[in-house]
Each structure stands twice: as structure tokens, then as C-alpha cells.
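This report concerns only the one structure given below.
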Amino acid sequence: MFLPKLGEAQVQVGVKAAYSLSFAKQQTVIFDDTFDYITYEVTFLEEDVRPMFGLMTYYEQEKVFVQIEALYKQTRENYFTTDWRTIDQFKYNDTKRTDFLIFPITAGYKLNNLKLGLGPVFYAIMQQSDVFTELENFEQRRKKMEAGFAFSVGLKLYRLHIDISYENHFNKVGDYVIYREIQSDFATNPAYMTLGLSYLLF
């Protein structure tokens with residue numbers, strides 16, 4: 001009974017634009033040398049997220065729906081560093097830019113025009129800049145794939161979809177920073193509130 005109905009359902013394709021607000025918390029990490037003298041004090045200040053855009057596919061079968069997206073996302077993580085090795089305690093700002101291709105996959109329940117969904121979000125890193133390049137004993141080791149999980153509420157108004165989602169990113173801020181072969185102690189997980197606007201073309 002289910003398979004014939006499934007074949008009658010239509011997969012729709014459209015475009016999407018979205019804006020995310022990051023809730024990553026400010027955090028300070030102290031680094032020291034082999035003699036336990038403080039060498040650097042690094043503060044993660046904030047994460048900026050640029051507007052996102054991309055494609056969306058939508059499948060609906062009675063009261064169940066699946067929504068898959070492919071979006072371009074750019075983040076900028078801002079750091080403030082104090083170099084305690086210098087007499088004047090040199091200070092400077094640094095920004096890490098990362099370009100992602102993200103794939104939110106949402107499945108859920110549809111009640112009239114209201115959509116309630118949840119699902120994973122996969123991040124593929126396309127390009128990234130380096131930080132702390134002027135500091136000694138620092139390096140970066142980052143995986144090419146990251147992930148998160150999101151809950152969403154949306155409205156389907158014929159071809160127009162309006163979605164609000166909350167996402168918790170599994171990777172920590174600055175967990176790619178390695179100092180003296182030891183991973184940094186940043187413990188903040190980025191979280192995002194995202195407003196998306198989609199239009200189904202066919």
C-alpha cells in the first residue's frame with residue numbers, strides 16, 4: 001500500500017537564502033611552556049556568520065516530509081591574543097575565515113501548513129584561513145568534515161517555505177588549534193539560530 005503512494009509523491013526543487021545568529025560563548029585559554037610559565041593568553045571573542053544561500057529539495061507524503069539542502073556558509077571566528085613572552089605584552093586580533101558547503105537534512109511531521117522537523121547538519125570545509133601564524137609552537141589540524149544537529153519549525157505557503165531552526169554544532173570552537181602537540185582547551189560548542197526563506201521552482 002505504501003510503495004505505490006510513495007511513487008506518486010513529487011520531489012520539488014528550489015532555492016534558499018538564510019541568515020544565522022551564532023551563540024558561541026566568549027572563552028579565554030592560557031598556554032604555557034615546558035617550565036609552566038605563561039606564554040600566551042588567547043580569547044575567543046565571537047563568531048560572525050555571513051548570509052547563506054543555495055539549493056533545497058522537498059519531499060512530502062501525506063503528513064511526513066523530508067527536506068534536504070545544500071548551502072554555502074562562511075564563518076569568521078575572532079580571537080584576541082596577549083603574548084606574555086614580550087616585555088610590553090604584545091596584543092593583537094586575529095580572524096579565522098572558513099568557507100563551508102553544508103547539508104542540512106530535515107525529516108518531520110506536517111500539520112496543515114506547519115512543519116516540525118529535526119535532523120543532522122553536515123559541514124564540508126571548502127577553504128579556510130590560518131590563525132596564530134606569528135606565534136611559536138602553534139599549528140592547526142582540522143578535519144575536512146564536521147557535523148551538528150538541528151530542530152526546526154516552518155511554514156509551507158504553497159511554493160514559499162519559511163523555516164526557523166536551532167542547531168548545536170558538535171565541534172568545539174578552536175579545537176583545531178594545537179600548541180606544543182596538545183589540543184587547545186576551548187570548550188565552547190557553537191550554536192546557531194537560523195531563519196531561512198525558500199522558494200520551490202518546480
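What follows is calculated from the coordinates using simple rules that are stated; it is not laboratory data. Note that the structure is predicted; figures quoted are calculated from it, not measured. Ideal geometry is used to build each Cβ from the backbone, glycine not excepted, and the neighbour counts take in all protein chains shown.
Secondary-structure-derived ellipticity at 222 nm for the chain, considering helices only, amounts to -1000 deg cm²/dmol, per-run term -39500 (n - 2.57) for DSSP H runs with n ≥ 4.
Between their Cα atoms, which of K115/K144; K25/K143; K25/K91; K96/K156 are more than 29 Å away from each other?
Among K115/K144; K25/K143; K25/K91; K96/K156, the Cα-Cα distance tops 29 Å for K115/K144; K96/K156.
Listed values for region 84-95 are Karplus-derived 3J(HN,Hα) couplings in whole Hz (6.51 cos²θ - 1.76 cosθ + 1.60, θ = phi - 60°), namely 7, 7, 8, 4, 8, 6, 4, 10, 7, 9, 9, 10, and x replaces Gly and Pro. Taking the square roots of 5 times each eigenvalue of the Cα gyration tensor of region 15-200, largest first, gives ellipsoid semi-axes of 40, 14, 13 Å. Placing unit charges on the Cβ atoms of the charged side chains and taking the dipole of the chain about its Cα centre, the candidate lying farthest along the positive direction among A147, A107, I164 is A107.
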